[in-house]
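The values are calculated or read from the model by the stated rules, or taken from the named source; none is laboratory data. For clarity, every value in this text was computed on a predicted model and none was experimentally measured. Note that each Cβ is placed from the backbone with ideal geometry, even for glycine, and that neighbours are counted across all protein chains shown.
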Amino acid sequence: MNYNIWNLFKKGLSENSRWPAIWNNHELNKSYDVIVVGGGGHGLATAYYLASRYNVKNIAVLEKSIIGLGNVARNTTIVRSNYLWDESSAIYEHSLKLWEGLSKDLGYNVMFSQRAVYSLAHNLQDIRALERRNNANLLNGIDSEIITPEQLKKQVPYLNTSKSSRYPILGASVQKRAGVARHDAVTWGYAHAASKLGVHIIQNCEVQQIITQNNRVTKLITSKGDVKTDKLALVVTGGTTQLADTVNIRLPLSCHPLQAFVSEPLKPILDTVIMSNAVHGYISQTNKGDLVIGAGIDSYNGFSQRGSPHVIEHNARAIVELFPVFSRVRMNRQWAGTVDITPDACPIISKTKVSGLYINAGWGTGGFKATPGSGDVFAATIANDHPHELAKPFDLSRFVTGHKIDEHGAAGVAH
Ligand code: FAD
Ligand code: PYC
């Protein structure tokens, strides 16, 4: 099915009935050339690019639940590339460029909206950190500007820029090409395009154990039976350490809950994304009208998909500081996801000591924006059995050599 204007018109005439399935569900075959474990954004993107760019056939994505119910569905969809260090800004900028053509590439509207992302500064240290990152971004050819509170007020009229507020805003950085996308559409778009290229998407199929022979991946034990492969890609966020444990690989990942909540729908009032690390909250408005709000991680380790009340209470207070006009808005839903964080807040995209086993994890609080870029460079790494140039700095060896890339400051969310 092509989602072109003509087909949309035709289906509209039949009251949108009889739309075909967006992707095909398959039974598990006995073997595949490449198995991708995890049907989140990154797993589906990896499978799509393996098939579309690297000419790999006979691929399966195994998902323990239903595709797109993990973090890809639980995140707040901010897409930007303004990281501090060359290595990370390069991979995030590669991703942002792919976002810019993604709907066309997938033949599915992922509703990518380049509505700009503002990061606020409330003290001198914030200003220095934003200026440093702004200069680094400009040197790497990434769009970024520093603006004054007066300029900010013109662009975001309801923001409280009063000098007498508790944490006055001293300035901001803005990336105008940044924005948001629709998370479900990203999942379904990749599933649709991968499925069209023959990728088998197998839901309700939990991978329980990896079997090796002579230090090579040979087979997987799953809840739907055994399946053979000699190339296995793990893209399972919070599930990575448990699966890697089955082949005695220990990973520097710790999992935390990260919460978000949305309000009742409002008429259009906020046409951009505002982030503040100092008062500790960020906010945007969806196309439906809901305000989408989040803050930092819950500090304890855990896999809970709810989170602690005091974190969102603090978060709501921060948003009311920034936007007193939202103080009477009712909140509709709250949830959490499980974010997998490395010591340097950068991902792991790596071959491993087991031949044929590749790991993509540790995107922590910031992986949604990386979905296309991560999928592309990981697919290249798997297809060539050699790290893609942009993936090289994110090899597991950095935790041994000490070549870490500290992005805690640009992560957008405190950890
Ligand atoms: P997931 O969707 O979690 O995919 C992993 C999949 O693996 C899951 O579907 C899971 O069921 C499956 N799986 C696990 N174990 C197994 C197994 N044994 N067998 C088979 N399948 C298995 N990032 C941003 O860039 N911008 C944001 O604004 C942003 N906001 C966030 C807000 C919140 C509240 C949260 C929780 C995260 C946020 N993130 C954000 C981070 C982002 O969501 C993640 O980094 C990203 O979604 C992770 O990649 P994924 O989509 O592939 O993960
Ligand atoms: O990485 O920009 C980000 C982000 C915002 C909220 C969660 N992550």
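Determine which member of the set Asp376, Asp344 is closer than 28 Å to Ser103 by Cα and of a type in the set (Asp, Glu).
Answer to the check: Asp376.
Here are Lys351, Lys392: which of them is surrounded by fewer than 20 Cβ atoms within 10 Å (Cβ to Cβ), over 21 Å from Leu258 (Cβ atoms) and out of contact with any strand residue (DSSP E or B) (no Cβ under 8 Å at 6 or more places or on another chain)?
Lys392 is the lone residue from the list that is surrounded by fewer than 20 Cβ atoms within 10 Å (Cβ to Cβ), over 21 Å from Leu258 (Cβ atoms) and out of contact with any strand residue (DSSP E or B) (no Cβ under 8 Å at 6 or more places or on another chain).
Under 8 Å by Cβ, and 6 or more places apart or on different chains, what pairs join a residue from region 210-221 that is in contact (Cβ under 8 Å) with a residue 40 or more places away in the chain and over 18 Å from Val236 (Cα atoms) with one that is in a loop (DSSP other than H, G, I, E, B) and among the hydrophobic types (A, V, I, L, M, F, W, C)?
Thr212/Val247; Thr212/Val354; Asn215/Val354; Arg216/Val354
Return yes when Gly39 is over 30 Å from Asp406 (Cβ atoms), surrounded by 18 or more Cβ atoms within 10 Å (Cβ to Cβ) and modelled with pLDDT under 95 and no when it is not.
No.
Would you point out the residue of region 64-88, among those that are within 30 Å of Cys205 (Cβ to Cβ) and charged (D, E, K, R), that is farthest from ligand 2 (Cβ to nearest atom)?
Result: Lys64.
List every residue pair whose Cβ atoms sit under 8 Å apart, with the two residues 6 or more apart in sequence or on different chains, where the first one lies in region 342-363 and is at negative phi and among the small types (Gly, Ala, Ser) and the second, anywhere, is in a strand (DSSP E or B) and more than 16 Å from ligand 1 (Cβ to nearest atom).
Pairs found: Ser355/Arg216.
Out of Ala380, Ala295, Ala345, Ala318, report the one residue that is closer than 23 Å to Leu44 by Cβ and not polar (S, T, N, Q).
Being closer than 23 Å to Leu44 by Cβ and not polar (S, T, N, Q) holds for just one of Ala380, Ala295, Ala345, Ala318, which is Ala380.
Just checking: which of the strands (runs of 3 or more DSSP E) contained wholly in region 173-264 hold 2 or more residues that are more than 26 Å from Val110 (Cβ to Cβ) and aliphatic (A, V, I, L, M)?
The strands (runs of 3 or more DSSP E) meeting that bar are 207-213, 216-222.
Give me the pairs, please: first residue somewhere in region 388-415 and at positive phi and at pLDDT below 95, second residue anywhere and in a helix (DSSP H, G or I) and not aromatic (Phe, Trp, Tyr), beta-carbon distance under 9 Å, and either six or more positions apart or on two chains.
Pairs found: Gly412/Thr365; Gly412/Gly366.
Can you give me the number of residues within region 52-66 that are more than 17 Å from Ala361 (Cα to Cα) and crowded, with 22+ Cβ neighbours inside 10 Å?
Within region 52-66, residues that are more than 17 Å from Ala361 (Cα to Cα) and crowded, with 22+ Cβ neighbours inside 10 Å number 2.
Just give me the residues in region 17-31 being more than 14 Å from ligand 1 (Cβ to nearest atom) and assigned to a loop (DSSP other than H, G, I, E, B), in sequence order.
Across region 17-31, the qualifying residues are Ser17, Arg18, Trp19, Pro20, Ala21, Ile22, Trp23, Asn24, His26, Glu27, Asn29, Lys30.
Report, by residue number, each residue of region 303-320 that is of a type outside the set (A, V, I, L, M, F, W, C) and surrounded by fewer than 18 Cβ atoms within 10 Å (Cβ to Cβ).
Ser304, Gln305, Arg306, Ser308, Pro309, His310, Glu313, His314, Arg317
Are any residues in region 338-370 within 12 Å of ligand 2 (Cβ to nearest atom) and polar (S, T, N, Q), and if so, which ones?
Scanning region 338-370 gives a single hit, Thr365.
Could you list, in sequence order, all residues of region 371-387 that are within 16 Å of ligand 2 (Cβ to nearest atom) and either modelled with pLDDT under 95 or of a type in the set (Ser, Thr, Tyr) (or both)?
Of everything in region 371-387, those that are within 16 Å of ligand 2 (Cβ to nearest atom) and either modelled with pLDDT under 95 or of a type in the set (Ser, Thr, Tyr) (or both) turn out to be Thr371, Ser374.
Taking the residues in region 11-36 that are modelled with pLDDT of 95 or more and hydroxyl-bearing (Ser, Thr, Tyr) as candidates, determine which candidate is farthest from the chain's Cα centre (by Cα).
In this case the residue turns out to be Ser31.
Out of all the residues in region 227-243, which are within 11 Å of ligand 1 (Cβ to nearest atom) and of a type in the set (A, V, I, L, M)?
Hits for region 227-243 are Leu234, Val235, Val236, Leu243.
Let me spell it out: the conditions are (1) crowded, with 21+ Cβ neighbours inside 10 Å; (2) away from ligand 2 (no atom under 16 Å from the Cβ); (3) of a type in the set (Gly, Ala, Ser), and Ser14 meets all of them except one. Which number is the exception?
Against the list (1) crowded, with 21+ Cβ neighbours inside 10 Å; (2) away from ligand 2 (no atom under 16 Å from the Cβ); (3) of a type in the set (Gly, Ala, Ser), Ser14 comes up short only on (1).
Give His310, His314 a once-over and let me know the one that is in a helix (DSSP H, G or I) and within 16 Å of ligand 2 (Cβ to nearest atom).
Result of the check over His310, His314: His314.
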